[in-house]
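Just so it is clear, none of the values below were taken in a lab; they were calculated from the coordinates. As the structure is a computational prediction, the values presented were derived from the model and not from experiment. Reconstructed Cβ throughout: ideal geometry from the backbone, glycine too, with neighbour counts over all protein chains shown.
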Amino acid sequence: MALYLISFEKGAMDHIPEGDLPEVGKAGHAVCQEAKDAGVLVYSGGLMYDTDDERYAADPAVVETDGTVTDGPYPESKELIGGVFIVDVPTRGEALEWASKVAVACRCAQDVRKFMYDPDAV
């Protein structure tokens, strides 16, 4: 088995009309449940940015090697992650199948990357 990160950029779902968001949320939750039932879901969730609601405020920050904290994303970042879906599956093909399900549910393209295996980290 191998861990795969399936993710999409912040703003990737901005094209979806507000009235369609409940349907998209329901479809996304259905894919999560399907992955849970299949025993492959490790974690799934969206990331919050720039919100006025303090319960959800989580603006990006960079913590340097000396401990200095700077608000905002890392300067070299080209994009911010909007959501993640991590699966533990035997093959890249299966990861791509799950990414396809997420893409259809969330109505946006997905990036698929395999985590490096580190036996000391698990």
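Below are the figures for this structure:
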| quantity | calculated |
| --- | --- |
| Ranked by how many other beta carbons lie within 10 Å on average, peptides 80-89, 32-41, 59-68 from highest | 80-89, 32-41, 59-68 |
| Ala2 versus Ala38: modelled label distance in nm, points set 7 Å from Cα along the beta carbon direction | 1.6 |
| Gyration tensor (alpha-carbon) shape descriptor, the chain, a/c threshold 1.5 | oblate |
